[in-house]
Every structure is written in C-alpha cells, then in structure tokens.
Amino acid sequence: ASSIEMKGLHKRFGNDAVALNGVDLTIRAGEFFTLLGPSGCGKTTLLRILAGLEEADDGTLIIGGKDVTEEPPHRRSVNTVFQSYALFPHLSVRENLAFGLKMRGVGAQEREAKVAEVANLIQLGELVDRRIDQLSGGQRQRIALARALVCEPDVLLLDEPLSALDAGLRSQLQVELLRVQKRLGMTFVFVTHDQQEAMVMSDRIAVLNDGNIQQIGSPREIYETPINVFVARFMGHDNLYAITEREGCRVTTPVGTLELEGGSEGEFVLIRPETLDLKLGHVAGTNHLPGRITERLYRGSHAEYRIAIGATSLQATVNNRGHHLPDVGDEVTLVVSSEDLVTLSE
Ligand code: ADP
Ligand code: MG
C-alpha cells in the first residue's frame, strides 16, 4: 500500500470552469478514503489526476513517497474502477481479468495463477467462464473490481463504482468491497456523492464543494461536527439555525434561547435530531423548547417527527422502545443538552 500526498492541485477547463481550486490532501497507506461531494464538485477530475489521465495546471502529487506529478499513467502503481465497467463484452471473465496482465508481459502460467487468486478473493465461482455480455450489472461491477485488483496496484481508485446498482445489490457490494480492502490492506480512494455510502465505507472522508475541500475527518467527525452549513446540509442535517444574538452563556435562535458555550452572532447552531428528548406537554427549563407535532413518520425501529416551534420547525428522531410514541397535534417539549449542540460557520 502507498500513501498519497496532494499539494496545491489546481485544474481549470477552458476559461471559466475551475474544477479544482488548490487541493491539499494526504491519504494514508492502507486507508479507505472517500471523496464526497455533489455532482460537478471535482471528484472525477481529482481521481483522473491521481491516475495520470489528466494533468494538473499546478501542484504536486506524491504517491508512495515518489513525485509522480509528471509521470504517465503506466508509470504509477495505480488502477481505476469506473462507474461504467469498461470491460470487453465478447470476452470471457477469465480473458478480461488476464488482459491487463498480458499487456504487462506477464507469462501465461503466472497469469492463470493471479486470475485464480483474485477470482477466489471476489468469490466469482463459475462466473469466470461466462462472457461479459451474459452477466448482470452487479456481476459486471464485481468483474471490473476483480480486473483492477489482479494487477496488484498499490492504490485503487474507484469512481462511483456502485452508483448504477439498485439498493440491495449496492449494500451487498459495499460490504464485499470493504472486506476485500481490509484483507488486502490496499489504499482505496473511493468517490461517491452519497453520504450514507461514504459513512459506511470510509476510514476518513474529504467533503468537496466547487473544487475546494470543505472538511476532512472520520465519518463520525463529519456527521457529528460538520464545520459549516454546506457540510452539515450535505450530510443530511436540517436542524440548522442562525444565531442572531449572544448574551452571556445564552444565544438567541429562531427555535428559542439556547445555553451553549461556543457560537456567536452570524454563526449557526446544529441540533441533531437523534440528540433530542421528547416530553409530553410544555415543561419549562434550560434548553427546553416548546412546540407542537405537525408530522410523524413511523419507521418501525424509530419515528421521525417534525415539530413546529414559533415560525420555524425542527426534526426529532425517537427510538421505538415500545413506550408511548407521541402523535400529530400533541404539545411537546424538546430537550437538548448543551454538549450535544454544535456551532458552525455559514
Ligand atoms: P464530479 O466528478 O464531482 O461530478 P468533475 O470532476 O467531473 O465533477 O467536474 C468538475 C467540473 O469540471 C465541472 O464543472 C465539469 O463541468 C468540469 N469539467 C470536467 N471535465 C471537463 C472537461 N473535460 N472539459 C470541460 N469541463 C470539464
Ligand atoms: Mg464524477
């Protein structure tokens, strides 16, 4: 496995489209690292620069301690899995897997051994003798992964490899991909626009927007302490309220007065829905917010509530432990403890 160091990577297409606006990022050897961001934020461009398929306008790229900024793709120990499989449809799985090895001048016997090894790792079974055009989408994606692994690169780049698959198959392949990565100890750079997928898979995540890295951290850091409104919204948060005033240890927000340590006027406070307690009726107290339930989505294991507070509203998640679940129309008090509140910049 190799580490990857990116320093000041810039990329512009034509005159106006800035794809990367100075990316500084270090990925550790053996890490499952995810680039997360909306469509058009520069994920594919960054991956193509790592692969050597695209040249940065400015900046340095070091892979495994070696400066590869000027090196062509074949001089880098890097392989890529794309969303579209890029397999040869009329060849068998076995022939597809052996192709890259053949191009590298690997002899027939060694090719066969390596193909058998990776077929075993990905548990391809009798699929190895089928033609690609006889396979389903999910099977093709597994073959694309196998083909990228068979050349034993130090780094594997994966550009939204699971996006085209349906939900069930997708979570199955997420587990499989993670298992393979942990077993091989290879460095994976994984691209997705799906924050749930990023959280499940990654050791660490970099959130990108408009060619800029917004935040780098573990899934828990990114989800629980997003540093700005963009990251918070992208991670699925909705309970974000502008701080309009601070007085002593209290701040004023659209949902009411909150006691919290950090956070000043112009910043935002995030109230995670799962940190709220719901009490029936209106109860006075610090960080007690009175409201009325306007919506309840019963999800079996838990219920999701929308609660009107003044002119705004708030989401709360309540685990279903078999107790009474309040219903639409009920007057409730939301209770949150100060240490669960997160402040962030705009
Ligand atoms: P993502 O993979 O996150 O969706 P991309 O890296 O594909 O984003 O694109 C980043 C930005 O660069 C977008 O604005 C896109 O339109 C632009 N871009 C990417 N590739 C090209 C290209 N070959 N020519 C012109 N613009 C491009
Ligand atoms: Mg892309």
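A compact globular protein would have a Cα radius of gyration near 2.2 N^0.38 Å; the ratio found for the chain is 1.21.
Taking all protein chains into account, the per residue accessible area for region 243-346 stands at 53 Å² (1.4 Å probe). The listed peptides 141-149, 221-229, ordered by packing as a protection proxy, come out as 141-149, 221-229 (highest mean of other Cβ atoms within 10 Å first). FRET efficiency for the Arg321 to Cys249 pair, using the beta carbon distance and R₀ = 35 Å, is estimated at 0.60.
In percent, what relative contact order does region 203-324 have, based on Cα pairs under 8 Å that are 6 or more apart in sequence? Value for region 203-324: 17 percent. Here the chain has 46 percent of its accessible surface on carbon and sulfur atoms, given a 1.4 Å probe and all protein chains in place. Taking the Cα atoms of region 241-344, the ratio Rg/Rh between the radius of gyration and the Kirkwood radius comes to 0.98. The length gained on full extension between Glu117 and Phe99, counted as 0.36 nm times the residue separation minus their Cα-Cα distance, comes to 5.0 nm. Taking 0.36 nm per residue of separation and subtracting the Cα-Cα distance, full extension of the segment from Ala242 to Leu297 would add 17.2 nm.
Enter the Cα centre distance for the pair region 119-191 and region 300-336, rounded to the nearest angstrom. Result: 41 Å between the Cα centres. Between Leu178 and Glu346, what is the label-point separation in nm under the 7 Å Cα-to-beta-carbon projection? Those two pseudo-labels are separated by 3.8 nm.
In sequence order, region 91-106 has phi-based couplings of 8, 6, 4, 4, 5, 4, 5, 7, 4, x, 5, 4, 4, 8, x, 6 Hz under the Karplus curve 6.51 cos²θ - 1.76 cosθ + 1.60, θ = phi - 60°, and Gly or Pro positions carry x. When the chain is treated as a GNM with alpha-carbon contacts under 10 Å, the residue of Arg204, Arg48, Arg75 showing the greatest mean-square fluctuation is Arg75. Multiplying the residue separation of Glu274 and Thr312 by 0.36 nm and removing their Cα-Cα distance gives an extension gain of 11.8 nm. Calculated mean residue ellipticity at 222 nm for the chain: -7500 deg cm²/dmol, from DSSP H runs with n ≥ 4 weighted as -39500 (n - 2.57), summed, divided by the residue count and rounded to 500. Between the C-alpha center of region 248-275 and that of region 65-85 there is a gap of 46 Å. Highest mean packing comes first when the peptides 76-84, 15-23 are listed by Cβ atoms within 10 Å, giving 76-84, 15-23.
Modelled this way, with points 7 Å down the Cα-to-C-beta line, the labels at Ser264 and Leu91 are 6.2 nm from one another.
The values are calculated or read from the model by the stated rules, or taken from the named source; none is laboratory data. Because the structure is a prediction, the values reported are computed rather than measured. As a convention, Cβ positions derive from the backbone with ideal geometry for all residues, glycine included, and neighbour counts pool all protein chains shown. The protein model used for the area step is the full one, side chains on, heavy atoms only, and it has no ligands, DNA or RNA in it. Shrake-Rupley method; radii C 1.70, N 1.55, O 1.52, S 1.80 Å.
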